[in-house]
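Trainee: Have a look at this one.
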Amino acid sequence: MSERIFIGVAWPYADGPLHLGHIAGAYLPPDIFARYHRTKGNEVLMVSGSDQHGTPITIKAEQEGKKPSQIVTQYHQQFLDSWQGLGISFDLFTNTGTANHAEVSHDIFLTLLDRGYIYKSTMLQPFCPRCRRFLPDRYIEGTCPYCYSSGTRGDQCDECGKPINPAELIEPHCRLCATTPQFKDSEHFFFRLSAFRDRLLAWVKQQTHWRQNVLNFTMRYLEEGLKDRAITRDIAWGIPVPLDGFDGKCLYVWFEAVIGYLSATKEWAKSSGDEERWRSFWQGEVKSYYFIGKDNILFHTLIWPAMLMGYGDLNLPYDVPANEFLTIEGKRLSTSRNWAVWLPDYLSRYDPDPLRYLLSANMPETGDTDFSWREFVRRNNDELVATYGNLVHRVLTFVYRSFDGCVPMPGEFDSHSQALLDKAKDTLDTMDELLYHCHFREAMRSAMSLAQETNRYLDEKSPWKTIKQDRQASATALYVAISVLSCLRTALYPFLPFSSQRLHQLLGFTGSVEDDGWRLHFPPPGQKLLPPQPLFSKLDEGLVEEEASRLGLANT
Ligand SMILES: [Zn+2]
Ligand SMILES: [Zn+2]
């Protein structure tokens with residue numbers, strides 16, 4: 001029976017390009033998941049969009065002497081290009097600047113206000129006497145009161161992940177002029193998170209299928225007690241508070257960005273021509289997954305669920321498979337120090353599948369993992385090319401030459417052949433189970449082990465030699481190998497969509513891998529193959545040095 005799967009993906013700030021940390025953490029996993037479910041024949045909706053509001057955008061605009069709208073337009077387009085280049089298959093990638101998003105955000109704000117879950121209060125806000133302005137979030141910096149790391153922003157600590165109230169910062173200063181701010185009263189709206197403690201606790205305790213790190217982090221925070229949170233800011237760039245007398249105040253970017261999951265679904269429904277269709281992904285039998293980095297866990301396991309509980313009639317998250325971080329060449333990624341591999345740079349030089357392969361093999365599912373260019377070249381050459389690409393190429397070129405460009409007619413399968421075909425079938429079943437539960441790294445390992453097994457099978461059968469004495473035995477072995485390639489095309493499709501689709505065509509199939517379904521599809525004998533071409537190419541060792549120098553390694 002087909003299932004309905006909603007996939008919400010973290011909203012990237014439109015204040016800079018995407019880097020590999022973003023991709024490994026939050027963007028590649030949901031794409032693998034969506035492609036797998038679509039191939040299974042399930043109904044999938046995967047949405048996200050660029051986060052266009054808040055202080056990251058205004059700070060970037062001030063730094064570059066541009067308007068915030070110019071910044072967000074520029075990066076939104078760049079995101080769209082990146083998704084296309086890397087094959088991240090959103091059903092809709094919108095942005096938080098749409099009238100639809102403002103409308104849905106206002107509805108949620110006003111409904112929660114009406115039900116008493118939002119209230120008005122004054123709070124001390126940092127005010128810079130020199131700049132003569134309030135300093136929301138990233139306009140104030142200081143030392144984290146929890147882990148004592150310096151340069152911590154006024155909204156969240158990047159080091160320990162704790163949300164921060166600017167008044168808690170040690171030695172706070174204005175980011176623009178370094179002056180010590182004064183704290184002044186400012187009237188704001190608060191979300192009554194504390195009112196949801198018992199309901200959240202009861203709900204979270206049932207989520208035994210969550211990843212351990214996500215569950216532990218959420219429980220720890222719940223046990224420390226939930227504080228009400230300000231959901232408006234003294235900032236002009238954003239969604240205005242929908243009430244009179246609050247000029248110059250906007251909804252806090254965190255409050256409205258999570259609403260984007262719902263507003264994007266409504267936008268998708270409207271453009272599909274059936275405005276009510278959004279309900280099929282938010283009410284009733286549907287599983288909602290939220291793919292994010294670990295710095296976003298609380299917003300998706302506590303705050304957004306509480307907002308949904310308060311609003312009512314909408315599904316809570318089913319799973320929040322947050323990933324840990326990716327380090328680069330053994331060091332913590334830092335955009336300010338340019339210690340990052342930028343996705344647009346990568347895509348301008350290399351193919352998408354080798355990166356998807358490496359990040360899947362090395363996905364930070366249970367702990368931080370590292371990206372290095374040496375590893376990239378090694379895995380491409382020794383695994384993608386040597387184990388898989390060469391297998392495909394040597395089988396297809398030989399069959400193409402020796403069997404008139406068609407899938408050969410097999411004879412009877414001996415036990416070795418049957419065992420390999422059984423393993424292919426088992427691999428799809430095992431991967432089905434693993435992918436369903438978001439164990440991506442292990443799933444890909446199963447597929448690659450099938451490729452290794454097939455290489456061993458061919459070494460033993462050596463159909464290239466036996467063809468001279470026993471053409472039927474050779475045809476049978478090659479037919480078995482081609483059937484396993486057909487299996488690998490499906491099994492690796494969620495991870496390597498570009499090369500899988502090419503292999504699909506080389507094998508003589510039409511349409512798409514996705515439409516062919518999650519099954520072992522034996523290519524019919526006599527099916528016409530396309531002239532073979534290598535799926536991947538070897539990378540030169542020299543690029544390790546070259547890329548290292550781009551990271552600034554040469555100077556250290
Ligand atoms: Zn200042
Ligand atoms: Zn900290």
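Values quoted throughout were computed directly from the atomic coordinates according to the rules given, and no laboratory measurement underlies them. Values in this document were obtained by computation on a predicted structure and should not be read as measured data. Reconstructed Cβ throughout: ideal geometry from the backbone, glycine too, with neighbour counts over all protein chains shown.
Trainee: Taking N as the number of residues in the chain, what is its alpha-carbon radius of gyration divided by 2.2 N^0.38 Å?
Mentor: Dividing the Cα Rg of the chain by 2.2 N^0.38 Å gives 1.08.
Trainee: Turning to a different aspect of this structure: Calculated from DSSP H runs of 4 or more alone, at -39500 (n - 2.57) each and per residue, what is the 222 nm mean residue ellipticity of the chain, nearest 500? Numbers along the way, then the final one.
Mentor: Numbers: 19 runs with 234 residues, N = 556.
Value at 222 nm, helices only, nearest 500: -13000 deg cm²/dmol.
Trainee: With respect to the cross-link table entries Lys66/Lys270; Lys205/Lys227; Lys66/Lys538, which display a Cα-Cα separation exceeding 31 Å?
Mentor: Checking Cα-Cα distances, Lys66/Lys270; Lys66/Lys538 exceed 31 Å.
Trainee: Take every Cα pair under 8 Å in the chain that's 6+ residues apart, average their separations, divide by the length, and report that relative contact order as a whole percent.
Mentor: After rounding, I find 16 percent.
Trainee: Give the lysines whose C-alpha is closer than 19 Å to that of Lys294, dropping any in the same chain fewer than 8 places away, or say none.
Mentor: Qualifying lysines at Cα under 19 Å: Lys162, Lys331.
Trainee: Compare the Cα positions of Thr73, Thr98, Gln125 along the charge dipole of the chain (+1 at Cβ of Lys, Arg; -1 at Cβ of Asp, Glu; about the Cα centre) and return the one farthest towards the positive end.
Mentor: Thr73
Trainee: Could you run the Karplus curve 6.51 cos²θ - 1.76 cosθ + 1.60 with θ = phi - 60° over region 137-150 and give me ³J(HN,Hα) per residue in whole Hz, x for Gly and Pro?
Mentor: Working through the residues one at a time gives 6, 7, 7, 10, 9, x, 9, 5, x, 9, 10, 6, 7, 8 Hz.
Trainee: Here is a further query. At 0.36 nm per residue, minus the direct Cα-Cα distance, what do Ala99 and Lys120 gain on full extension? Give it in nm, one decimal, please.
Mentor: Taking 0.36 nm per residue and subtracting the Cα distance, the gain is 5.0 nm.
Trainee: If a cysteine in the chain has no other Cys Cβ under 4.7 Å from its own Cβ, put it on the list, ordered by number.
Mentor: Within the chain, the cysteines lacking a partner Cβ under 4.7 Å are Cys177, Cys250, Cys406, Cys438, Cys487.
Trainee: Also: In degrees from 0 to 90, rounded to the nearest 10, what is the angle of the helix 253-272 Cα long axis to the longest principal axis of the chain?
Mentor: The answer is roughly 50 degrees.
Trainee: With all distinct Cα pairs included, what does the Kirkwood hydrodynamic radius of region 1-97 come out to in Å, to one decimal, could you say? Mind showing how you got there, number by number?
Mentor: Details: mean 1/r = 0.0704 Å⁻¹.
So the Kirkwood estimate lands at 14.2 Å.
Trainee: Turning to a different aspect of this structure: How many percent of DSSP beta bridges within the chain run antiparallel, rounded to 5? Don't skip to the end; give the middle numbers.
Mentor: Numbers: 28 of 48 bridges.
Bridges in the chain are about 60 percent antiparallel.
Trainee: Quick query: amide H of Arg133 versus all other amide H atoms, modeled in the peptide plane; which residues come in under 5 Å with a sequence gap of 5 or more or a different chain?
Mentor: Cys128
Trainee: Still on this structure: Checking the cross-link filter: which lysines have an alpha carbon closer than 16 Å to that of Lys287, excluding same-chain neighbours under 8 positions apart?
Mentor: Lys40
Trainee: For region 160-249, take N as its residue count and report Rg(C-alpha) divided by 2.2 N^0.38 Å. Show your work: numbers first, answer last.
Mentor: Working: Rg = 17.4 Å, N = 90, 2.2 N^0.38 = 12.2 Å.
Dividing the Cα Rg of region 160-249 by 2.2 N^0.38 Å gives 1.43.
Trainee: Would you list, by chain and number, the lysines whose Cα falls below 19 Å from the Cα of Lys184, excluding same-chain residues fewer than 8 positions away?
Mentor: Counting by Cα, and skipping residues close in sequence, Lys184 has these lysines nearby: Lys120, Lys249.
Trainee: Please report the Cα spread of region 403-485 along all three principal axes, rounded to whole Å, starting with the longest.
Mentor: 48, 24, 20
Trainee: For helix 99-114, what angle does its Cα long axis make with the longest principal axis of the chain, in degrees from 0 to 90 and rounded to 10?
Mentor: Once rounded, the angle reads 50 degrees.
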